[in-house]
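Chemist: Dumping the structure here so I can ask a few things about it.
The values are calculated or read from the model by the stated rules, or taken from the named source; none is laboratory data. Not measured: the values here are computed from a predicted model. Cβ coordinates were reconstructed from backbone atoms using ideal geometry, including for glycine residues, and neighbour counts include every protein chain displayed.
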Amino acid sequence: MFRNMSEEHRHRLYEIIIVSLLALSIFLMGRFFFLGDLRKWAFLLIYLYSGREILYRAFMGIVRRSYMDENFLMALATITAFFLGEYFEAVAVIIFYSFGELFEDMATAKSREEIASLVDLVPETASVILPDGSIEERDIYDVEVGDILLVCEGEKVGVDGEVLEGKAMVDASSITGESLGQIVGADDEVLSSSIVSEGIIKIRATKDYDSSYAAKIIELIEDSASSKSKSERFVSRFARVYTPIVVGLAILIAVIPPAFMDKPLNFSLFRAATFLVLSCPCALVLSVPLSFIAGLGQASREGILIKGSEFFEKLDKADTLLLDKTGTITTGDFKIGNIEIYEGFDREKVLNYLVALESMSSHIIGKAIVRELDRKIRSDIFKSYENILGSGMVGVTYGGTEVKVGSPAFVGAKSGNKSVFISIGGRIAGEVLIEDEIRTNVSETIGRLKERFKNIAIVSGDQKENVGKIAEKLGIGKFYSEVKPHEKLAIMRKTKADAKALVFVGDGINDGPVLKNSDVGISMGETSSDIAIDASDVLITGKDFSKLATLFDITRLTNRTVRQNITFILAVKILILILGLMGYASMWLSIFGDVGVSIISILWAMRILKK
């Protein structure tokens, strides 16, 4: 933790060490030499200097009438100890508390560094090529869709776009986690934040900055601490109820023994001060949120972005997992296996119809067909067209002929193959066999996920035979096939009714409603649509499916750490509180019970970043 310490933290550490040595020197000198009032005034100056922030926060809490917190308890306890002549003890409490706050600040900064490291993803400006060929440096927010950008070696891509000219090695590891660069050329897509490590390319902006992939990631990062977990809300409520009770008990400890048990007032006041120091809920207030911040930081380091700490607990509770297939389990990079043109149809005419109609589709298979066939797209064939969500495309030629491209059911074909069919004038004209492949590490990852999920199922719009084959390969016993978007949502809701919590993993536009309505929605990969990213609670960047298992490992570790810290803190507090009520707890034991426990719980939370 002390490695790469910031200048501010280093300065605070030196300050605390110097003040500690000064206080210890005065304490030792007072043991051997008579210092009189000099000792009291020296300790007072050290106390006021070291405790200035705590005293200020306690004072402002009183002014705002929201003073029942750890600062008020700490101030009340140390001021009482000081007036009782326990100068060194009062100063020691403040100094140890300062050490605890320093540890907490350093730990928080370390965790937030892991999250913030992803925020500096895009450049502030972009080089825009104007119509006359000149280059203008333009603010990244002013780049518009259709602008032509020049990106040179060593520069970052500012917005999502497609390559127009040039060839380059592009490194997208900062956002996708892919360690190896990729070579891009004409018509290839490049994501904002990618670094051109070799070469020069011209790209056409396909999105403005706010809609680009990196901007979506940054938005997720900035919102990641906005939602609190149940544990954090419990700590906040606990502190509000706990503090008045503690103050009331301290008053009783101070008043009852002198009034009814013939005990000296100073003795009772010191016990009350000791009780107040011990009772400070600092360890809980610091360690629980810090554990979640560390979890968010570790996840970010792995390329997993979580919108808020509340999802750690939901993920830990989940017992049902639904997986989209295309683009999630499979790569989504479709290939054409075989093209069959039926008897009575002209091959060139059928392929021209196919490419022209699929070029107007936003579906990943349609795009793959256009890319793989690599034919000139004719704009003089169709006078109208319509995208039938979940089924295919239908168009009407200038001659009035209806053409359909899509699933067997949509065009009226009967086939078990994974094919896209085309019908012309109501007759099946041909079929294109489409092949995709399972992502790397999927089988191994599913094996790991089976250890923690009671139910795992695939939900896909693909044909039954294709989904069944993949489910069988992965050892998943349940699957839903040929599912339309509204049916996918209905399946999720029905499954969710019987689950403790349901997690859905998808990436497509049609997954948006399911991602939004599941207990935790996870969008997968840089191919995730904007709708999927916005609707999801967790975004896994890159193409590595094993990050899904990593997410649940981090979730389990974070939640276990929170539970362990809460149990440890409350156990120590209760034990020493009982000793304090019986008169056996010294001020030093109270200091350990507060600051010592805080430091231990902070360090325990920070181990999340080392796992």
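Chemist: Suppose we filter 452, 427, 448, 439 for residues that are among the basic types (Lys, Arg) and over 30 Å from residue 547 (Cα atoms); which single one remains?
Modeler: Details: 452 fails: over 30 Å from residue 547 (Cα atoms); 448 fails: over 30 Å from residue 547 (Cα atoms); 439 fails: over 30 Å from residue 547 (Cα atoms).
One residue alone meets the criteria, 427.
Chemist: Just to check your reading of the model, which residue among 571, 549 is loosely packed, with under 15 Cβ neighbours inside 10 Å and either part of a helix (DSSP H, G or I) or on the phi > 0 side of the Ramachandran plot (or both)? Give the derivation first.
Modeler: Numbers: 549 fails: loosely packed, with under 15 Cβ neighbours inside 10 Å.
Unique residue meeting the criteria: 571.
Chemist: Continuing with this model, one more query. Tally up the residues in region 300-315 that are buried (at least 24 other Cβ atoms within 10 Å of the Cβ) and at pLDDT below 85, please.
Modeler: Residues flagged as buried (at least 24 other Cβ atoms within 10 Å of the Cβ) and at pLDDT below 85 within region 300-315 amount to 4.
Chemist: Of a type in the set (A, V, I, L, M, F, W, C), closer than 15 Å to residue 392 by Cα, modelled with pLDDT of 85 or more and in contact with a Leu (Cβ under 6 Å, 6 or more places away or on another chain): is that true of residue 446 in this structure?
Modeler: Details: of a type in the set (A, V, I, L, M, F, W, C): yes; closer than 15 Å to residue 392 by Cα: no; modelled with pLDDT of 85 or more: yes; in contact with a Leu (Cβ under 6 Å, 6 or more places away or on another chain): yes.
So residue 446 fails the test.
Chemist: Name the residues in region 344-398 that are closer than 20 Å to residue 428 by Cβ, surrounded by fewer than 16 Cβ atoms within 10 Å (Cβ to Cβ) and either assigned by TED's automatic domain parsing to the domain that holds residue 481 or of a type in the set (Val, Ile, Thr) (or both), would you?
Modeler: Answer for region 344-398, where residues must be closer than 20 Å to residue 428 by Cβ, surrounded by fewer than 16 Cβ atoms within 10 Å (Cβ to Cβ) and either assigned by TED's automatic domain parsing to the domain that holds residue 481 or of a type in the set (Val, Ile, Thr) (or both): 388, 396.
Chemist: I need the full set of residues from region 291-341 which are farther than 18 Å from residue 523 by Cβ and assigned to a helix (DSSP H, G or I), in order please.
Modeler: Correct list: 291, 292, 293, 294, 295, 297, 298, 301, 313, 316, 317.
Chemist: Does region 349-359 contain at least one residue that is assigned to a helix (DSSP H, G or I), in contact (Cβ under 8 Å) with a residue 60 or more places away in the chain, within 29 Å of residue 214 (Cβ to Cβ) and of a type in the set (Val, Ile, Thr)?
Modeler: There is no residue in region 349-359 that is assigned to a helix (DSSP H, G or I), in contact (Cβ under 8 Å) with a residue 60 or more places away in the chain, within 29 Å of residue 214 (Cβ to Cβ) and of a type in the set (Val, Ile, Thr).
Chemist: Please list, ordered by residue number, the helices (runs of 4 or more DSSP H) wholly in region 1-114 having 2 or more residues that are modelled with pLDDT under 75. Steps first, please.
Modeler: Numbers: elements: 7-32, 37-50, 52-63, 70-83.
Qualifying helices (runs of 4 or more DSSP H): 7-32, 70-83.
Chemist: List, please: which pairs have Cβ atoms under 9 Å, are six or more places apart or on different chains, and start with a residue in region 183-196 that is part of a loop (DSSP other than H, G, I, E, B) and end with one that is basic (Lys, Arg)?
Modeler: The qualifying pairs are 185/167; 186/167; 187/371; 192/156; 192/207; 193/156; 194/156.
Chemist: Only residues in region 258-271 that are in contact (Cβ under 8 Å) with a residue 40 or more places away in the chain and within 19 Å of residue 78 (Cα to Cα) count as the first member; pair them with residues that are of a type in the set (A, V, I, L, M) and part of a helix (DSSP H, G or I), Cβ under 8 angstrom, at least 6 apart or cross-chain, and list the lot.
Modeler: Pairs that qualify, where the first residue is in contact (Cβ under 8 Å) with a residue 40 or more places away in the chain and within 19 Å of residue 78 (Cα to Cα) and the partner is of a type in the set (A, V, I, L, M) and part of a helix (DSSP H, G or I), are 269/254; 270/81; 270/587; 271/253; 271/254.
Table: residues versus (1) surrounded by fewer than 16 Cβ atoms within 10 Å (Cβ to Cβ); (2) assigned by TED's automatic domain parsing to the domain that holds residue 314.
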{"position": "427", "(1), (2)": "yes, no"}
{"position": "449", "(1), (2)": "no, yes"}
{"position": "454", "(1), (2)": "yes, yes"}
{"position": "460", "(1), (2)": "no, yes"}
{"position": "464", "(1), (2)": "yes, yes"}
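Chemist: Then there's this: Has region 178-188 got at least one residue that is modelled with pLDDT under 75 and surrounded by fewer than 15 Cβ atoms within 10 Å (Cβ to Cβ)? Reasoning before the result, please.
Modeler: Quick first cut of region 178-188, residues modelled with pLDDT under 75 only: 178-181.
Filter once more, so that each one left must be surrounded by fewer than 15 Cβ atoms within 10 Å (Cβ to Cβ): 179-180.
Checked against the condition, which is being modelled with pLDDT under 75 and surrounded by fewer than 15 Cβ atoms within 10 Å (Cβ to Cβ), region 178-188 yields at least one hit.
Chemist: Being within 25 Å of residue 413 (Cβ to Cβ), among the hydroxyl-bearing types (Ser, Thr, Tyr) and buried (at least 19 other Cβ atoms within 10 Å of the Cβ) is the filter; apply it to region 322-343 and report the residue that is modelled with the lowest pLDDT.
Modeler: For region 322-343, the residue satisfying everything is 326.
Chemist: A further question follows. Yes or no: residue 514 over 22 Å from residue 552 (Cβ atoms), in contact (Cβ under 8 Å) with a residue 12 or more places away in the chain and among the aliphatic types (A, V, I, L, M)? Walk me through how you get there before you give the answer.
Modeler: Values: over 22 Å from residue 552 (Cβ atoms): no; in contact (Cβ under 8 Å) with a residue 12 or more places away in the chain: yes; among the aliphatic types (A, V, I, L, M): yes.
Spelling it out, it is not the case that residue 514 is over 22 Å from residue 552 (Cβ atoms), in contact (Cβ under 8 Å) with a residue 12 or more places away in the chain and among the aliphatic types (A, V, I, L, M).
Chemist: Look through 398, 385 and report the one residue that is more than 26 Å from residue 469 (Cβ to Cβ), within 44 Å of the chain's Cα centre (by Cα) and in contact (Cβ under 8 Å) with a residue 12 or more places away in the chain.
Modeler: Values: 398 fails: within 44 Å of the chain's Cα centre (by Cα).
None of the other options fit; the residue is 385.
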